[in-house]
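Trainee: This is the structure, below, for whatever I ask next.
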Amino acid sequence: MLFSAPVMSARAAENTIPPQSTKKITHTKDIRTQDQVSPGLLPGKSVKQKSIQNPHKNENILVVGHSTDSAIYQAPSKAPLEAFQPTSLISQHFIENNIPPTGNYDTVAILTPSVMSISPNGPGLSEAGNMSIRGFQDGEYNVTFDGIPFADGNNFTHHSTGYFMSHSLGDTSVDRGPGDASTLGYATFGGTISVKGKDPKAQRSVETFGSMGAWNTYTYGGEINSGKMKKLNGASFVFDGTGSSSDGYLTYSGQQRWNLYSKGIQPIGEHTTLTFMGLYNNLNHNTTLGATREEIAKYGPNYGLSNNPNSQNYYKYNTDAIQTDMAYVALHSDLGNNWTIDNKVYTYAYYHHGHNTNDVNGTISAQYNTTAARAGVTCGAKYKGTIYESGPGCEFGQAMRQDYRAWGDVFALKRDFGLAKLDVGFWLEHQTDTRQQGNFNYAVGKFTNTPNLNRLMTLENFSAQPYVQLTFRPLPNLTVSPGFKYALMDRQINAPINQKTGTPLNYDQTYGTPMPSLNVHYMAAKNWSAYLQVARGFLAPDAAYFYTPDPSANKVSPENTMNYQIGTSWQSRRFTVSADVYYIDFSNFVTSSNQNIPGYGPMKVYYNQGGVNYYGIEGEASYYVGGGVTLFANGSLNQSKTQNTGAPLAEAPDATAAGGIIYEHNGFYASVIDKWIGARAGQISSKGIAEKGLDPFNQLNLSVSYTFQQHSHGIPPIKLGLHVTNLANSTKIVDYAGSTADGNDLWISQAGRGFFGSVSVPLGF
């Protein structure tokens, strides 16, 4: 790629104004600092600030850059000065230099306070289903892409491998709070991971890249940037294509993936811009659910699947084929008289065809690795009172299909009145999710039940979130922003064969709640800010509450939170420092109990029970030592306890920490970063007792790259890189993954050390 100053939006750039700068910014727009830099500018060269003419206003705006010799530039994450809640911003520059090519947004977000994520198959080579923020699990927080909330509508979880790869990522931020009224999505109360796709560069370029590394991992691809095309009024586009293939750290748990990403920006006149984005992702992988301690001891910490077709953990019986796409058209226009409008119409889809056996790493199937050992086993035999469907000629599992598509619109209308600012808008989304599944005998390649399917259903969700927010400026450096949003969700199910019950069901239910918020922000100095937030979060009930004969028997109200947070952020060339404290009152906590349903037997019935208190302290800091060296550290102390028993929540670490050193000078980049995750419970019993305890663990990563300096102005530098994940080669057990059919616990181990070498060859033209 063409080296330049870090890619930042004007919002982020505004936060990096050096304290000695006195020039006032009177208007901001999305300006890339790359626009200021000539091709071939190398790391270590200063980027000077300059004023450019704003095409939408008859005034100048200040574009600010930084040399690499600053904590602001080199910090892995930092809190923006304008943040009104605890926020960590990770720059595209850091992502490009530190994240392995196979990485995803979870590989990026884990470096921030209070975030936990585990990649048992290697970086980006498996789903981040155990990712959490402050103890909130996936499905309880938002993930957005270019401001678009996306999630599985049934339980609001996300697929970290499903849509985009690290090479197409821009800046990423982790907001540890429900946001203001304009923060939209299914699960705002647990926070928001905001992922931004790459924008086109100002200069024309072509880049080819590739990497190879541990576990037969290969990536390859290319990127084309058009630069600003004068004949099209300054239009520009970027196209990125990336492919990857890996055997994975876990045995027989390979992944093959390719991804296409494009974005175009078209100015229309002087006041309007259209943005077009489209992506497509194709993923095939073999999935495992963990291993018992006995299997880990016998086969090693990387035990996943096997190549034995007479075993339930045969890799060909446990596969996923997933295709996804996402696209949007965005309109931004300055309407004059301080009115602006933003509208984004979008769609995304997820098509998942999968196969899995009933008991992937069950201890019994692990014993039947030869025909002789299996000779006395009868298909459908009982083990400890449980029917164990494994034996010669019968390897039972499920063949499933899930296809969903969402259509939506995000709209915002704003006006600045001087002493106050008005912001109104809405989010609308309709998602249709079709699911089907049947029991399958992989030994003979046939469905085992009549009719073939045991699940055939269509779920529909309609979400609407209108909002209004006012921002007052009672003092020049003080803003007070009260806001109001109403969250509405209508769930519908049309199931000829309902999940779990196997009987027909047509049912719908509507949930809604008001969501007030108050944000106070104060600029104590040009490089020092403080904030206070009080806001309500909302989470609609899971679709699993419909998987009963009579969903109306579930006495479930939407889960809500009240969030109270206070924090501060300070930045200079040598220092970035931020800290916050938080308290969250989580009400209407949903739990379940087994009740005897006539005609069906014991089934789960859901209801609200008490609540949970979350509280803690978080901080992060970086210090530029000099000579291209920056030190950084961040950490958190986190507690999450149920109000009725005082027990902690499962999979909620009691602390996190990260630290390291970064060096960048004259084309050379190096970083050593360690992430530490505190102790947690793997499971909470029905009596509220913490079980399956998990010890603290850490992972030390190393990244080194060198960009060859080229004296020819027309040939940008070639970049060589090396990433070493888990430098200490720790392979301890780090997560609890449930149990086998015969009640043995399944565990997940830390992926061992991995080396990944890379090269990129950018060609300017």
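The values are calculated or read from the model by the stated rules, or taken from the named source; none is laboratory data. All values derive from a computational prediction rather than experimental measurement. Glycine gets a Cβ as well: all are built from the backbone with ideal geometry, and neighbour counts include every protein chain shown. Calculation scope for accessible area: heavy atoms of the full protein, side chains included, ligands and nucleic acids excluded. Shrake-Rupley method; radii C 1.70, N 1.55, O 1.52, S 1.80 Å.
Trainee: Looking at the square roots a ≥ b ≥ c of the eigenvalues of the Cα gyration tensor of segment 293-333, which shape do they give, rounded for a/c under 1.5, prolate if a/b is larger than b/c, or oblate? Numbers along the way, then the final one.
Mentor: Details: a/c = 8.10, a/b = 2.72, b/c = 2.98.
In terms of gyration-tensor shape, oblate.
Trainee: What Kirkwood hydrodynamic radius, in Å, does segment 76-143 give when the mean of 1/r is taken over all pairs of distinct Cα atoms and then inverted?
Mentor: Details: mean 1/r = 0.0778 Å⁻¹.
Here the Kirkwood hydrodynamic radius works out to 12.9 Å.
Trainee: Considering every pair of different Cα atoms, what Kirkwood radius, in Å, is found for segment 525-575? List each step's numbers first, then the result.
Mentor: Details: mean 1/r = 0.0667 Å⁻¹.
By the Kirkwood definition, the hydrodynamic radius is 15.0 Å.
Trainee: For the residue pair Q256 and A525, what label-to-label distance in nm results when each label sits 7 Å from Cα along the Cα-to-beta-carbon direction?
Mentor: According to this spin-label approximation, the distance is 5.9 nm.
Trainee: Using a 1.4 Å probe, what is the accessible area per residue for segment 393-447, in Å²?
Mentor: Details: 2330 Å² over 55 residues.
Per residue, segment 393-447 has 42 Å² of solvent-accessible surface.
Trainee: With the Cα gyration tensor of segment 174-247 giving a ≥ b ≥ c as the square roots of its eigenvalues, does the rule (a/c under 1.5 for rounded; else a/b larger than b/c for prolate; else oblate) give rounded, prolate or oblate?
Mentor: Details: a/c = 4.02, a/b = 1.18, b/c = 3.41.
Oblate shape, in that a/c is at least 1.5 and b/c is the bigger or equal ratio.
Trainee: Please state the shape class of segment 119-203: rounded when a/c is under 1.5, otherwise prolate if a/b exceeds b/c and oblate if not, all from the C-alpha gyration tensor.
Mentor: On the way: a/c = 1.87, a/b = 1.13, b/c = 1.65.
Because a/c hits 1.5 or more and a/b fails to exceed b/c, segment 119-203 counts as oblate.
Trainee: If you don't mind, there's one more thing I want to ask. Which aspartates and glutamates does K526 reach when only Cα atoms under 18 Å apart count, and residues fewer than 8 places away in its own chain are ignored?
Mentor: List returned: E14, E82.
Trainee: Based on alpha-carbon centroids, what's the gap between segment 636-663 and segment 275-348 in Å, whole number please?
Mentor: Here the two parts' Cα centres lie 26 Å apart.
Trainee: Evaluate the Kirkwood expression for the hydrodynamic radius of segment 480-598, namely the inverse of the mean inverse distance over all pairs of different C-alpha atoms, and round to one decimal in Å. List each step's numbers first, then the result.
Mentor: Details: mean 1/r = 0.0560 Å⁻¹.
For segment 480-598, inverting the mean 1/r across all distinct Cα pairs yields 17.9 Å.
Trainee: What base-10 log of the normalised intensity I(q)/I(0) is obtained for segment 193-318 from the Debye formula, alpha carbons as equal point scatterers, at q = 0.15, 0.17, 0.18 Å⁻¹?
Mentor: Listed by q, the Debye log ratios stand at -0.81, -0.92, -0.98.
Trainee: Same structure again: Using only alpha carbons, build the gyration tensor for segment 480-546 and give me the equivalent ellipsoid semi-axes, biggest first, whole Å.
Mentor: Gyration-tensor ellipsoid for segment 480-546: 44, 12, 7 Å.
Trainee: Additional query: Can you tally the net charge around K719? Count Lys and Arg as +1, Asp and Glu as -1, for every other residue whose Cβ sits under 15 Å from the Cβ of K719.
Mentor: On the way: positive: none; negative: E96, E207, E223, E664.
Result for the local shell: -4.
Trainee: Over the Cα atoms of segment 409-459, how large are the radius of gyration and the largest Cα-Cα distance (Dmax), in Å?
Mentor: When restricted to Cα atoms, segment 409-459 yields Rg and Dmax of 24.7, 73 Å.
Trainee: Beta carbons within 10 angstrom, averaged per residue: use that to sort the peptides 402-412, 83-93, highest first.
Mentor: Details: 402-412: 18.5, 83-93: 24.4.
Order by mean packing, descending: 83-93, 402-412.
Trainee: Taking N as the number of residues in segment 652-765, what is its Cα Rg relative to 2.2 N^0.38 Å?
Mentor: Values: Rg = 21.1 Å, N = 114, 2.2 N^0.38 = 13.3 Å.
In units of the globular-protein estimate, segment 652-765 measures up at 1.59.
Trainee: Compute the distance from the alpha-carbon center of segment 512-587 to that of segment 410-477, in whole Å.
Mentor: Measuring centre to centre over Cα atoms gives 19 Å.
Trainee: Now for a different question. Sorted from largest down, what three extents in whole angstroms do the Cα atoms of segment 307-354 have along their principal axes?
Mentor: 73, 13, 10
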